[in-house]
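The values are calculated or read from the model by the stated rules, or taken from the named source; none is laboratory data. Just so it is clear, the model here is predicted, and its values are computed rather than measured. Cβ atoms come from the backbone with ideal geometry, glycine included; neighbour counts cover every protein chain shown.
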Amino acid sequence: MIVRYITIDPVEYQYGDLTPGREYKVLSIEDGFVRISNDKAEPILYPVGYFHRVDDSIPPTWVIHDDPWDGGFWGPAEFRVPGFLEDYFDGKKEAIEIYNRLLKNL
């Protein structure tokens, strides 16, 4: 899945770590947010309203979890493992290796 970043109101607010008009691969969709690898190569959540879908094909490795109590999640199962993204941001080698492998397969 690929999205293009748009600015809804560039005067009021714009994400400094995203480039207007640039396309980004979607890493996951979580409760009305898309997780993308931004211009700093960080996997961050952003509101879906700031993006237009360019390619809405769902990667075959994604899991789809739609639960009104737990929230919606579309993405790699590894992202739902408790602590995975925290481990990634903490620089833990195993989490970084898994993340890089997932990124290559998108």
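Here are a few things to note about the model shown:
- Members of the stretch 31-46 found to be at positive phi and assigned to a strand (DSSP E or B), listed by number: none
- Residue within the stretch 97-104 that is touching a Gly at 6+ places or on another chain (Cβ under 8 Å), surrounded by 13 or more Cβ atoms within 10 Å (Cβ to Cβ) and within 27 Å of THR7 (Cβ to Cβ) present: no
- Residue check, ILE58 under 20 Å from ILE2 (Cβ atoms), loosely packed, with under 14 Cβ neighbours inside 10 Å and without any contact (Cβ under 8 Å) to a residue 12 or more places away in the chain: no
- Exactly one residue out of ASP66, ASP17 is charged (D, E, K, R), exposed (fewer than 14 other Cβ atoms within 10 Å of the Cβ) and assigned to a strand (DSSP E or B): that is ASP66.
- Near pairs, Cβ below 6 angstrom, 6+ apart or cross-chain, from the stretch 69-91 (farther than 19 Å from GLU42 by Cβ) to any residue that is part of a loop (DSSP other than H, G, I, E, B): GLY71/ASP31; GLY72/ASP31
- Within the stretch 42-62, the set of residues being closer than 14 Å to LEU106 by Cβ and in contact with a helix residue (DSSP H, G or I) (Cβ under 9 Å, 6 or more places away or on another chain) comprises PRO43, THR61, TRP62.
- Filtered residues of the stretch 47-59 (kept if part of a loop (DSSP other than H, G, I, E, B) and either under 18 Å from ILE98 (Cβ atoms) or modelled with pLDDT of 95 or more (or both)): PRO59
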